[in-house]
Amino acid sequence: MQFDLAVVGAGIVGLATALAGARRGLRVIVIDRDAQANGASVRNFGFVTVTGQERATMWQRARRTREVWREVAEAAGIPVLQTGLWMSVRRQESVDVLEAFMATEMAAGCRLLSPAEARRRCPQLPAPDRVAVLESTMELRVESREAIPRLAAWLASAHGVTFMRNTVVRNIATPTVYTSRGNVQAARVAVCPGDDFNALYPERLGAYALKRCKLQMLRLADPGFRLPAAIMSDLGLGRYRGYADLEASAALKSRLAVEQAEHLQHGVHLIVVQSADGSLVVGDSHHYAATPDPFSHEQIDALILDEFGAALGIEPPPTIERWIGTYASAPDRSVLIDAPEPSVRVAIVTCGAGASTGFAIGEELITDLVYSGVSA
Ligand SMILES: Cc1cc2nc3c(=O)[nH]c(=O)nc-3n(C[C@H](O)[C@H](O)[C@H](O)COP(=O)(O)OP(=O)(O)OC[C@H]3O[C@@H](n4cnc5c(N)ncnc54)[C@H](O)[C@@H]3O)c2cc1C
């Protein structure tokens, strides 16, 4: 069978690209080596974050991606389990960053809450050291391990996208895609391989000095109440570039380096989101290597839980699940888009924000491929 577009990789970036292609009327096939989604796209928080994304392009991509998530969630029957963000902080230096942030265009949909107002809104989160909360209405959260399979099933049923699973793509010479299960014919190819840099175009990708970033994640039991929003803390202000790139963040970073050196050493910052059954997904840490070790370290979980206790002001509920995930990381860019041939694009999100920016990136890839002059 002939296709207009073959997408390598059925993670969020590949599925987003397949959607953008199908919406343009292309006949699309998605090829993935795994029987079911198994990469970063099902290991993440499912937290579609707009506020705090890197200023300009990434922030715009996140705004567009959130819009598409809304449309897709409704059409594909994917529940949006949570909306909004509380950036709950305990230091005056963090308040300075939040105030500087509020003066930028990135503060759309945000406001500052006093500790008293935050406590009124959610008395179950006493957070005695809290000095302010940045409340954003821009975020939404899905349960990725359910959302990604549903998205794929909907692409097949509603958009006629063909899926070829348990299949490795070994080589591409358009219009032929060479796979472990025979050849596929496609005029254009989008390679969305996540953190697999060695299968396709390894020499080109080698030039980008890519590594893998390993994250530790936890699921905690239902605390017995609903969170008002996803929760982050001071450590997130030092990490998310929308805040961290502001001049006002320098003093906060210096203070964190002294007070939370061990957290910073392991790249620990806090995200807490809540699932339909009330359980909490909590993370994370960041360790970078060509091949990180696959083990979950208790000391790092303890640092994550320590920040949970400090930010929320409650004892962490019992841990009921642990896992690790990896994503691609580059030293000098948030997204890598490469064109090894006129009819082929490679797209890798290299900053751990693929759930928040993937739909916009998929649209960019398709626009680029459709206007590249390749005829179907
Ligand atoms: C623990 C964790 C938490 C995160 N939290 C968030 C979050 O809350 N918000 C957010 O925006 N982002 C988050 N991220 C980042 C986000 O999950 C990733 O940026 C995104 O999932 C990357 O999607 P992808 O489609 O590029 O990669 P993947 O999901 O890894 O998918 C790539 C797919 O390509 C397939 N593949 C690769 N090569 C081949 C080949 N040659 N042939 C066939 N198949 C191939 C693989 O089998 C895989 O299924 C998190 C990541 C992790 C690990």
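Find the Rg to Rh ratio for segment 1-101, where Rh is the Kirkwood radius over alpha-carbon pairs and Rg uses the same atoms. Write down the numbers at each step before the final one.
On the way: Rg = 17.6 Å, Rh = 16.3 Å.
Taking Rg over the Kirkwood Rh, I get 1.08.
Hey, for a label at Ala261 modelled as a point 7 Å past Cα toward Cβ, could you say which residues of segment 299-334 have their backbone N under 20 Å away?
Answer for this model: 299-304, 306-307.
Can you list the HN-Hα couplings for segment 341-356, worked out from phi with the Karplus curve (6.51, -1.76, 1.60; θ = phi - 60°), rounded to whole Hz and with x for Gly and Pro?
Taking θ as phi minus 60°, the curve returns 9, x, 9, 10, 10, 10, 10, 9, 7, 10, 9, x, 10, x, 5, 8 Hz for segment 341-356.
To the nearest Å, what is the center-to-center distance of segment 298-376 and segment 22-47, using C-alpha atoms only?
Computed from Cα coordinates, the inter-centre distance equals 13 Å.
What are the residues whose amide H is under 5 Å from the amide H of Arg188, where those residues sit 5 or more places off or on another chain and H is modelled from the backbone?
Amide H neighbours of Arg188, under 5 Å, 5+ apart: Leu5, Ala6.
With N set to the residue count of segment 112-251, report its C-alpha Rg divided by 2.2 N^0.38 Å to two decimal places.
On the way: Rg = 22.6 Å, N = 140, 2.2 N^0.38 = 14.4 Å.
After normalising by residue count via 2.2 N^0.38 Å, the value is 1.57.
Would you please state the base-10 log of I(q)/I(0) at q = 0.11, 0.12, 0.21 1/Å for segment 56-156, with intensities from the Debye formula using one equal scatterer on every alpha carbon?
With no solvent term, the Cα-only Debye profile gives -0.46, -0.53, -1.05.
State the Kirkwood hydrodynamic radius of segment 46-100 in Å, one decimal place, computed from all pairs of distinct Cα atoms.
Values: mean 1/r = 0.0760 Å⁻¹.
Every distinct Cα pair counted, the radius reaches 13.2 Å.
Could you work out the helix-only [θ] at 222 nm for the chain, with each DSSP H run of four or more residues adding -39,500 (n - 2.57) and the total divided by the number of residues, to the nearest 500 deg cm²/dmol? Numbers along the way, then the final one.
Values: 13 runs with 131 residues, N = 376.
The helix-only estimate for the chain comes to -10500 deg cm²/dmol at 222 nm.
Show me 77-84, 283-290 ranked by packing, highest mean number of other Cβ atoms within 10 Å first.
On the way: 77-84: 16.6, 283-290: 18.2.
Most protected by this proxy first, the peptides run 283-290, 77-84.
From the backbone phi of segment 311-327, what are the Karplus-calculated ³J(HN,Hα) couplings (6.51 cos²θ - 1.76 cosθ + 1.60, θ = phi - 60°) in whole Hz, Gly and Pro given as x?
7, 9, x, 10, 5, x, x, x, 6, 10, 7, 9, 7, 10, x, 10, 9
When a/c reaches 1.5 or more, the comparison of a/b and b/c decides; with that in mind, is segment 209-332 rounded, prolate or oblate per its Cα gyration tensor?
On the way: a/c = 1.79, a/b = 1.21, b/c = 1.48.
Since a/c reaches 1.5 but b/c is at least a/b, the shape of segment 209-332 is classed as oblate.
Using the Karplus equation 6.51 cos²θ - 1.76 cosθ + 1.60 (θ = phi - 60°), what ³J(HN,Hα) coupling, rounded to whole Hz, does each residue of segment 58-66 give in order, writing x for Gly and Pro?
Running phi through 6.51 cos²θ - 1.76 cosθ + 1.60 with θ = phi - 60° gives 5, 5, 5, 4, 5, 4, 5, 5, 4 Hz.
Give me the extension gain from Arg55 to Ala209: residue separation times 0.36 nm, minus the current Cα-Cα distance, reported in nm with one decimal. All intermediate terms of the calculation are to be shown ahead of the outcome.
Details: separation 154, 0.36 × 154 = 55.44 nm, distance 2.36 nm.
In short, 53.1 nm is gained.
For segment 293-355, what does the alpha-carbon gyration tensor say about shape, rounded, prolate or oblate, given a ≥ b ≥ c as the root eigenvalues, a/c under 1.5 as rounded, and a/b over b/c as prolate?
Numbers: a/c = 3.52, a/b = 2.74, b/c = 1.28.
It comes out prolate by the Cα gyration axes.
For segment 144-279, what is the accessible area per residue in Å² when the probe is 1.4 Å? Spell out each step's value before the answer.
Working: 5590 Å² over 136 residues.
Heavy-atom accessible area per residue stands at 41 Å².
Quick one: which residues, 5 or more positions from Ser279 or on another chain, have an amide H under 5 Å from its amide H? H modelled 1.01 Å from N in the peptide plane, none for Pro or chain starts.
Correct list: Asp222.
Estimate the FRET efficiency between Glu117 and Glu315 by the formula 1/(1 + (r/R0)^6), using the beta-carbon distance for r and 30 Å for R0, to the nearest 0.05.
Values: r = 24 Å, r/R0 = 0.80.
That gives a FRET efficiency of 0.80.
Hey, in the GNM for the chain with a 10 angstrom Cα cutoff, which one of Pro175, Pro292, Pro202 fluctuates hardest?
Of the options given, Pro202 has the highest mean-square fluctuation.
Using r as the Cβ-Cβ distance of Ala199 and Glu74, and R0 as 30 Å, what FRET efficiency do you calculate, to the nearest 0.05? Let's see the in-between values first.
Working: r = 35 Å, r/R0 = 1.17.
FRET efficiency, Ala199 to Glu74: 0.30.
Show the residues, 5+ positions off or on another chain, whose built amide H is closer than 5 Å to the amide H of Arg90.
Here the answer is Val131, Asp234, since their amide H atoms fall under 5 Å of that of Arg90.
Determine by what factor the alpha-carbon radius of gyration of segment 139-185 differs from 2.2 N^0.38 Å, reporting the quotient. Provide the component values of the computation, followed by the final result.
Values: Rg = 14.4 Å, N = 47, 2.2 N^0.38 = 9.5 Å.
My calculation over the Cα atoms of segment 139-185 gives 1.52.
At Thr83 and Ala153, where each label point lies 7 Å from the Cα along Cα→Cβ, what is the point-to-point distance in nanometres?
Simple spin-label model gives 2.5 nm for this pair.
Find, among the chymotrypsin sites (Phe, Trp or Tyr not before Pro) in segment 151-245, those assigned to loop by DSSP (not H, G, I, E, B) with at most 15 other beta-carbon atoms within 10 angstrom.
Phe225
With the Cα gyration tensor of the chain in hand, convert its eigenvalues to equivalent ellipsoid semi-axes via √(5λ) and list them largest first in whole Å.
Values: eigenvalues 272, 82, 78 Å².
Working from the Cα gyration tensor, I get semi-axes of 37, 20, 20 Å.
For the chain, take the longest principal axis of its alpha carbons; what is the angle in degrees between that and the long axis of helix 92-102, to the nearest 10 within 0 to 90?
Helix 92-102 sits roughly 50 degrees off the main axis of the chain.
The values are calculated or read from the model by the stated rules, or taken from the named source; none is laboratory data. All figures in this text were calculated on a predicted structure; none of them were measured in a lab. Heads up, the Cβs are rebuilt from the backbone with ideal geometry, glycines too, and the neighbour counts pull from every protein chain shown. Calculation scope for accessible area: heavy atoms of the full protein, side chains included, ligands and nucleic acids excluded. Shrake-Rupley method; radii C 1.70, N 1.55, O 1.52, S 1.80 Å.
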